[in-house]
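The values are calculated or read from the model by the stated rules, or taken from the named source; none is laboratory data. Worth saying up front: this structure is predicted, and the values here are computed from it rather than measured. Methodologically, a virtual Cβ is constructed for each residue, glycine included, from the backbone with ideal geometry; neighbour enumeration extends over all protein chains shown.
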Amino acid sequence: MFPAAFDYRAPASLAEAVDILRQRGEEAKVMAGGQSLIPLLKLRFSQPALVVDIGRLHNLAGIERRDGHLHVGALTKHVDIERSTELRSLCPILPEAAHWIADPLVRNQGTVGGSVCHADPAGDWGSVMLALGADFVAHSEAGDRVIHAADFFAGPFTTALRPDEILTEIRIPVAAHSAGAYNKLERKVGDFATVAVAVQVTLDGGKIKSAGIGLTSVGDRNLKAADAEKSLAGKEPTDAAIAEAARLAAQAAEPKSDIRGSAEYKKDVVRVFVQRGLKTAITRAREGKG
Amino acid sequence: MEVRLKVNGVDHMGDVEPRVLLVDFIRTNLRLTGTHIGCDTTSCGACTVLVDGTPLKSCTLLAVQVSGRSITTVEGLAAGAAMSPMQTGFHEEHGLQCGFCTPGMMLVGTALLERNPNPTEDEIRWAISGNICRCTGYMNIVKAIQHAAAIKAAAAKAPPAAEAVAAGGGK
């Protein structure tokens, strides 16, 4: 298989990239690692007139900690998050989720920014970013625009990015006594998630200050389980509070029955994963991981 | 569009459409057919090559995307008639049946041992989890990679004998 013909540009700078998009953004697709886009091009589900390969903009890769945030460059590869020992204690949900993305070969090339911009409802990073309350920095000739994770995913394979914008960075707040967990059910390595759940909890004394919950593969986009999150705020992390949040999250899920399982089954997996994830996250937050 | 690649240490140049996949450039333009096309949908890993030492799926890369980079294919593993430790491992441990997945498996194994010279069985299994063996010969593939690790460890202890070990099986 090979894609339909397209023009190809590999800009040497971000300024050049956004200049290309200013002129031809409507007919262009931005490519980072290409691990989502190239399969779509080959199947001809996507036939852009122009592919703008930003893979050579190496300064968009890497993770920095400053101003109470992790600044994750859009071109940071899944493998670099998976293998980061620093992140394992600072923000454990990131390497945990990275570990379950696609397979090792795809993780060697695929990027976190490319993955969220692809906006597959079965994508893992979207749910993680919703749980973390991350901000996405979109760059265009007009400058930077910050989009909250909760406003970023507009529908299946659709984001709030304009055709002239490039995602350059994801900002993740880091706080003391805050940690997360990612649970994923997949039939085999490399398959899309049957269901996955991202959970992040911040503790304040003995109580839950705030919680973030993101759901994968159970809707037309990565879903934020807002009612479940709210139900936990200010509560002690009792089994009853956790069970109630899990029930609300399962209610928020909108899965479809398919080859991977019935809708009813998937909703129940959401419930189990929210419970399991919350318990892990709370333990980690108490241990000072995250 | 111009593509410049160093493949197995040799510089190559080509003029291809941007839509040409790396695997097709390697097989069709360079006539290096050791890199296989299995699923053609980023699932099986038969097309694995090393790009600057990192194993990637060459069916999911554009040739123009990796222009300027250094590629290793299965043809680049042996040094003349001397098999690499990984090839010797597959030979000694019967690490292949039909052989279709073998180039990818050996390249993934080679990259793994560069990064982690003494991997556990779990680490080996995780490393090859993006490569499918349709004969389901995973037991011996794991043993083959362990065998290669042992050859390399022995060679590291006795540097002057390294080439002889690589060529002779190193039992």
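Inclusion of A:Glu64 among residues that are free of Cβ contacts under 8 Å to residues at least 12 places away in the same chain, of a type in the set (Asp, Glu) and in contact with a strand residue (DSSP E or B) (Cβ under 7 Å, 6 or more places away or on another chain) is warranted.
For the subset of the range B:1-30 comprising residues that are closer than 18 Å to A:Asp53 by Cβ, among the charged types (D, E, K, R) and buried (at least 18 other Cβ atoms within 10 Å of the Cβ), which member is farthest from the other protein chains (Cβ to nearest Cβ)? Only one residue tops the list, namely B:Asp24.
Do we have any residue at all in the range A:203-211 that's assigned to a loop (DSSP other than H, G, I, E, B), among the β-branched types (Val, Ile, Thr), buried (at least 16 other Cβ atoms within 10 Å of the Cβ) and not assigned by TED's automatic domain parsing to the domain that holds A:Ala122?
Keep residues of the range A:203-211 that are assigned to a loop (DSSP other than H, G, I, E, B), which gives A:205-206.
Restricting the remaining residues to those that are among the β-branched types (Val, Ile, Thr) gives none.
No, the range A:203-211 contains no residue that is assigned to a loop (DSSP other than H, G, I, E, B), among the β-branched types (Val, Ile, Thr), buried (at least 16 other Cβ atoms within 10 Å of the Cβ) and not assigned by TED's automatic domain parsing to the domain that holds A:Ala122.
Of all residues in the range A:220-266, those being under 17 Å from the mean Cα position of the chain (by Cα) and surrounded by fewer than 19 Cβ atoms within 10 Å (Cβ to Cβ) number 2.
Do we have A:Val72 as within 14 Å of chain B (Cβ to nearest Cβ), of a type in the set (Val, Ile, Thr) and buried (at least 21 other Cβ atoms within 10 Å of the Cβ) here? Taking the combined requirement at face value, the residue does not satisfy it. List pairs: first residue in the range A:78-92 and free of Cβ contacts under 8 Å to residues at least 60 places away in the same chain and in a helix (DSSP H, G or I), second residue crowded, with 22+ Cβ neighbours inside 10 Å and among the hydroxyl-bearing types (Ser, Thr, Tyr) anywhere in the structure, Cβ distance under 8 angstrom, at least six positions apart or on different chains. Cβ pairs passing all conditions: A:His78/A:Thr111; A:His78/A:Ser115. Residue count for the range A:21-55 satisfying the condition of being surrounded by fewer than 19 Cβ atoms within 10 Å (Cβ to Cβ) and more than 9 Å from chain B (Cβ to nearest Cβ): 11.
Conditions (1) in contact with a Cys (Cβ under 8 Å, 6 or more places away or on another chain); (2) part of a loop (DSSP other than H, G, I, E, B); (3) among the hydroxyl-bearing types (Ser, Thr, Tyr), marked per residue:
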{"residue": "B:Cys59", "(1), (2), (3)": "yes, no, no"}
{"residue": "B:Gln65", "(1), (2), (3)": "no, no, no"}
{"residue": "B:Glu75", "(1), (2), (3)": "no, no, no"}
{"residue": "B:Leu107", "(1), (2), (3)": "no, no, no"}
{"residue": "B:Leu113", "(1), (2), (3)": "no, no, no"}
{"residue": "B:Asn118", "(1), (2), (3)": "no, yes, no"}
{"residue": "B:Glu123", "(1), (2), (3)": "no, no, no"}
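Condition check ((1) in the same structural domain as A:Thr168 (by TED's automatic domain parsing); (2) in a helix (DSSP H, G or I); (3) of a type in the set (S, T, N, Q)) across all residues:
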residue: A:Ala17; (1), (2), (3): no, yes, no
residue: A:Val30; (1), (2), (3): no, no, no
residue: A:Gln35; (1), (2), (3): no, no, yes
residue: A:Ile38; (1), (2), (3): no, yes, no
residue: A:Leu41; (1), (2), (3): no, yes, no
residue: A:Arg44; (1), (2), (3): no, no, no
residue: A:Leu75; (1), (2), (3): yes, no, no
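Restricting to the range A:243-277, name every residue that is touching a helix residue (DSSP H, G or I) at 6+ places or on another chain (Cβ under 7 Å) and either touching a residue at least 40 places away in the same chain (Cβ under 8 Å) or not in a helix (DSSP H, G or I) (or both). Of everything in the range A:243-277, those that are touching a helix residue (DSSP H, G or I) at 6+ places or on another chain (Cβ under 7 Å) and either touching a residue at least 40 places away in the same chain (Cβ under 8 Å) or not in a helix (DSSP H, G or I) (or both) turn out to be A:Ala249, A:Ala253, A:Pro255, A:Lys256, A:Ser257, A:Lys267, A:Val270, A:Val274.
Within the range B:125-139, how many residues are in a helix (DSSP H, G or I) and surrounded by fewer than 19 Cβ atoms within 10 Å (Cβ to Cβ)? Don't jump to the end; show me each part of the working.
From the range B:125-139, those in a helix (DSSP H, G or I) are B:125-127, B:138-139; that's our starting set.
The next check asks that each one be surrounded by fewer than 19 Cβ atoms within 10 Å (Cβ to Cβ); those that pass are B:125-126, B:138-139.
Looking only at that region, the number is 4.
Filtering A:Ala175, A:Ala97, A:Ala181 for residues that are part of a strand (DSSP E or B) and touching a residue at least 40 places away in the same chain (Cβ under 8 Å) leaves a single hit, A:Ala181.
Please enumerate the residues belonging to the range B:31-68 that are more than 10 Å from chain A (Cβ to nearest Cβ), of a type in the set (Lys, Arg) and buried (at least 18 other Cβ atoms within 10 Å of the Cβ). Once the filter is applied, which keeps residues that are more than 10 Å from chain A (Cβ to nearest Cβ), of a type in the set (Lys, Arg) and buried (at least 18 other Cβ atoms within 10 Å of the Cβ), the range B:31-68 yields nothing. Of all the numbered requirements in (1) in a helix (DSSP H, G or I); (2) within 14 Å of another protein chain (Cβ to nearest Cβ); (3) closer than 21 Å to A:Arg145 by Cβ; (4) not small (Gly, Ala, Ser), A:Met129 misses one, and that requirement is (2).
Take the range B:110-134 and flag every residue that is aliphatic (A, V, I, L, M) and within 11 Å of chain A (Cβ to nearest Cβ).
At the first step, the residues of the range B:110-134 found to be aliphatic (A, V, I, L, M) are B:111-113, B:124, B:127-128, B:132.
Within the range B:110-134, B:Ala111, B:Leu112, B:Ala127, B:Ile128, B:Ile132 meet the criteria.
Within the range A:46-73, being assigned to a strand (DSSP E or B) and basic (Lys, Arg) holds for A:Arg65, A:Arg66.
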